[in-house]
Amino acid sequence: MRAESGKSLLVKASQESEAAVETRKIIHIDMDAFYASVEQRDNPELRGKPVAVGGNKERGVVAAASYEARKYGVHSAMPSVRAAKLCPQIIFVRPRFNVYREVSHQIRSIFFKYTDLVEPLSLDEAYIDVTHVKKGPPSATLIAKAIKEEIKNVTSLTASAGISYNKFLAKTASDMDKPDGLYVILPEEAKEFIEKLPIKKFHGIGTATAEKMIKAGIFRGSDLKARSLEDLTQRFGKTGKYYFNISRGIDLRAVTPDRERKSVSAENTFDHDLMSLTDVIDKLTPIQKEVYRRYEKTGGFGRTVTVKIKYGDFKQITKSHSSDEPITNYEAFSESINKMIDESILKPEGIRLLGVGISNFVRKQSDPVARQLTLEF
């Protein structure tokens with residue numbers, strides 16, 4: 001019975017995918033080393049040198065690394081101390097998110113010249129559905145080239161573009177020829193491309209999952225495709241269905257400009273470890289104010305507040321508090337945080353990072369049942 005349901009799912013998904021192949025043209029634009037490239041653009045002394053945005057040689061985490069730094073193995077989310085050991089000549093610069101946001105707006109305005117179906121994923125990447133366009137040729141490849149050229153002319157920055165008939169393949173394609181790349185996966189090429197693709201290069205399969213797959217004998221797309229839906233679901237839970245589909249080139253997610261916000265968060269790494277509750281509260285206040293400022297801009301209604309704490313030994317904990325009603329004012333938000341912050345969070349190692357987030361959004365304030373939003377694969 002289970003095998004029968006899996007087969008039915010494959011047939012249905014294949015039929016829907018074939019219809020999508022005939023109509024959809026999706027571009028994924030990904031700016032090249034965005035934060036670091038902006039800093040190199042604005043400061044000629046940084047050009048051609050290894051640059052890390054965020055942190056310093058003693059503290060913090062790398063938010064972005066230039067390609068010169070990446071040659072040494074430096075990457076985003078890496079502790080700055082580790083980055084400095086890998087690349088002793090690395091130059092750390094403070095992030096300027098107000099500048100990055102301004103540049104991001106410039107880039108998005110270029111996208112909207114061609115279509116209203118723009119789905120930003122972050123400041124430096126977005127999906128664009130150009131099946132039907134406002135201007136330009138009916139070729140997704142030519143449109144991607146035009147967008148890349150205009151981005152370069154307007155911002156003096158380079159972008160990489162991936163083009164295909166669904167989000168998974170477009171995103172995967174944009175990583176194939178970086179920096180300043182343009183890679184196309186045609187429908188008739190998708191099967192062979194996926195089967196040869198190393199499992200570590202699959203979008204949506206992280207490092208830990210890839211290692212788990214390799215231990216299970218799944219090295220490439222062809223190995224993943226050979227596994228049944230039941231086997232993948234048993235090994236990876238609900239995400240197994242996503243792996244089952246993408247190994248066959250199936251991804252029916254639409255480009256959605258009004259993609260709902262799932263969470264809002266901010267964090268900060270400190271120059272000195274926090275040892276007292278007074279210090280924690282003092283440093284936490286500006287973070288929670290910034291989170292609430294962002295939260296108000298979303299127009300959404302969240303129920304869960306989370307506090308993230310990373311200690312001097314890099315061990316990390318999170319504490320969450322959920323309320324029956326959505327958070328509608330700063331006082332309720334602050335009260336939720338206060339319930340989680342007391343002497344019990346202190347450790348001899350001290351606290352090097354604090355973060356705050358709001359999640360568990362509901363569609364509107366009057367929803368009788370709140371629910372955790374998840375990615376739909």
Next on the checklist: Here are the criteria: (1) within 18 Å of the chain's Cα centre (by Cα); (2) free of Cβ contacts under 8 Å to residues at least 60 places away in the same chain; (3) outside any loop (DSSP other than H, G, I, E, B). Tell me which single one residue 75 does not satisfy.
Outcome noted: (3)
Checklist entry - Can you tell which of 335, 290 is outside the structural domain of residue 240 (by TED's automatic domain parsing), under 26 Å from residue 54 (Cβ atoms) and either in contact with a strand residue (DSSP E or B) (Cβ under 6 Å, 6 or more places away or on another chain) or surrounded by 13 or more Cβ atoms within 10 Å (Cβ to Cβ) (or both)? => result 290
Next on the checklist: Please count how many residues of segment 120-147 are in a strand (DSSP E or B), under 18 Å from residue 34 (Cα atoms) and in contact (Cβ under 8 Å) with a residue 12 or more places away in the chain.
Outcome noted: 4
Checklist outcome for this item: Scanning segment 213-247 residue by residue, the ones that are more than 24 Å from residue 185 (Cα to Cα), among the basic types (Lys, Arg) and surrounded by 14 or more Cβ atoms within 10 Å (Cβ to Cβ) total 1
Next on the checklist: Which condition from (1) among the hydrophobic types (A, V, I, L, M, F, W, C); (2) in a loop (DSSP other than H, G, I, E, B); (3) surrounded by fewer than 21 Cβ atoms within 10 Å (Cβ to Cβ) is the one that residue 92 breaks?
Outcome noted: (2)
Next on the checklist: I'm told residue 49 meets every condition in (1) modelled with pLDDT of 95 or more; (2) in contact with a helix residue (DSSP H, G or I) (Cβ under 8 Å, 6 or more places away or on another chain); (3) surrounded by fewer than 21 Cβ atoms within 10 Å (Cβ to Cβ); (4) under 27 Å from residue 144 (Cβ atoms) except one. Can you identify the failing condition by its number?
Outcome noted: (4)
Checklist outcome for this item: segment 237-356: helices (runs of 4 or more DSSP H) wholly inside it with 1 or more residues that are without any contact (Cβ under 8 Å) to a residue 60 or more places away in the chain and among the small types (Gly, Ala, Ser) are 239-246, 330-338
Checklist outcome for this item: Among (1) surrounded by fewer than 20 Cβ atoms within 10 Å (Cβ to Cβ); (2) part of a loop (DSSP other than H, G, I, E, B), residue 99 falls short only on (2)
Checklist entry - Can residue 204 be described as of a type in the set (Gly, Ala, Ser) and over 24 Å from residue 164 (Cβ atoms)? => result no
Next on the checklist: Restricting to segment 162-212, and then to whatever is in a loop (DSSP other than H, G, I, E, B) and among the aliphatic types (A, V, I, L, M), can you tell me which residue is nearest to residue 23 (Cα to Cα)?
Outcome noted: 186
Checklist entry - Being at pLDDT 95 or above, within 24 Å of the chain's Cα centre (by Cα), among the aliphatic types (A, V, I, L, M) and farther than 23 Å from residue 242 by Cα, is that true of even one residue in segment 189-196? => result no
Item to check | Residue satisfying all of: in segment 293-322; of a type in the set (A, V, I, L, M, F, W, C) and surrounded by fewer than 15 Cβ atoms within 10 Å (Cβ to Cβ); nearest to residue 358 (Cα to Cα) among these | outcome: 317
Item to check | Of all residues making up segment 213-233, the number that are in a helix (DSSP H, G or I), in contact with a helix residue (DSSP H, G or I) (Cβ under 7 Å, 6 or more places away or on another chain) and not small (Gly, Ala, Ser) | outcome: 8
Item to check | Residues of segment 190-210 classified as surrounded by 13 or more Cβ atoms within 10 Å (Cβ to Cβ) and not aliphatic (A, V, I, L, M), total | outcome: 9
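The values are calculated or read from the model by the stated rules, or taken from the named source; none is laboratory data. The shown structure was predicted, so the numbers you read here are calculated from the model rather than taken from an experiment. All Cβ positions, even for glycine, are placed from backbone atoms using ideal geometry, and neighbour counts span all protein chains on display.
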